[in-house]
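Participant: Dumping the structure here so I can ask a few things about it.
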Amino acid sequence: MDVSDLLALSWPVVILALALWGFRFAGHARRWWVRVPLRAFTSVITLVMFLFVMLLAVAEVGCVKHAVPLPSPDGWHVAVLSFSLSGVFDSDFATVSVRHWWSPFARRVYRGPGQWDFKNREPRSPIVRWLDNKHLSIDLAPGFTHGCLEEWVQPGGDVEVQCVGGENR
């Protein structure tokens, strides 16, 4: 899991922490008609958010695979490839994001079909590789449609993304 993925999953933990703080704060209320409903409400929120966080953790472990982050040759950018696995009923879904090595915020440059090789524990398609410090190539398997996001073909002017192979949209 990449640091940019953790930011998307952090909001339930923040709500859980606020609910626990509210429960602690409710104990200092002098009036019972304030203390009892506040503790009951924060207890319910705490239980629901705890169960939701555990469900997200189980789903993340079982349904998402991450390839090793791929740094650019100069080490300034990192390409992150992840797969959402759908099992036997549909094809897998791949996401490629690019970020600076120091930044937790990644920009998606590809969202589309992909294949994960379970035997070798590595991605089969798309194949992501750096051509040089500023050019990222995303090679798709034959028969796959392009999933490159047009608005991120040049994210911030830093990196140019090239989608090759597959079929045109």
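Participant: In the range 86-131, which strands (runs of 3 or more DSSP E) lie fully inside it and hold 1 or more residues that are assigned by TED's automatic domain parsing to the domain that holds A59, touching a Ser or Thr at 6+ places or on another chain (Cβ under 7 Å) and within 22 Å of S72 (Cβ to Cβ)? Walk me through how you get there before you give the answer.
Facilitator: Details: elements: 92-100, 107-117, 122-125.
Per the criteria, no element qualifies.
Participant: Picking from F144, F83, F105, which residue would you name as being surrounded by 13 or more Cβ atoms within 10 Å (Cβ to Cβ) and either modelled with pLDDT of 80 or more or of a type in the set (S, T, N, Q) (or both)?
Facilitator: Details: F144 fails: either modelled with pLDDT of 80 or more or of a type in the set (S, T, N, Q) (or both); F105 fails: surrounded by 13 or more Cβ atoms within 10 Å (Cβ to Cβ).
The match here is F83.
Participant: Only one of these conditions is not met by N133: (1) surrounded by fewer than 21 Cβ atoms within 10 Å (Cβ to Cβ); (2) within 22 Å of G165 (Cβ to Cβ); (3) touching a residue at least 40 places away in the same chain (Cβ under 8 Å); (4) of a type in the set (S, T, N, Q). Which number is it?
Facilitator: (2)
Participant: Considering each of R107, R121, R99, R111 in turn, give the residue that is more than 16 Å from V164 (Cα to Cα) and in contact with a Gly (Cβ under 8 Å, 6 or more places away or on another chain).
Facilitator: Values: R121 fails: in contact with a Gly (Cβ under 8 Å, 6 or more places away or on another chain); R99 fails: in contact with a Gly (Cβ under 8 Å, 6 or more places away or on another chain); R111 fails: more than 16 Å from V164 (Cα to Cα).
Result of the check over R107, R121, R99, R111: R107.
Participant: Kindly indicate the residue of the range 17-70 that is assigned to a loop (DSSP other than H, G, I, E, B) and aliphatic (A, V, I, L, M) and also farthest from I127 (Cα to Cα) among those meeting that condition.
Facilitator: At the first step, the residues of the range 17-70 found to be assigned to a loop (DSSP other than H, G, I, E, B) are 27-31, 67-69.
Keeping just the survivors that are aliphatic (A, V, I, L, M) gives 29, 67-68.
Working: A29: 59, A67: 11, V68: 12 Å.
Going through the qualifying residues, I end up with A29.
The values are calculated or read from the model by the stated rules, or taken from the named source; none is laboratory data. Because the structure is a prediction, the values reported are computed rather than measured. FYI the Cβ positions are ideal-geometry reconstructions off the backbone, even for glycines, and counts take in every protein chain you see.
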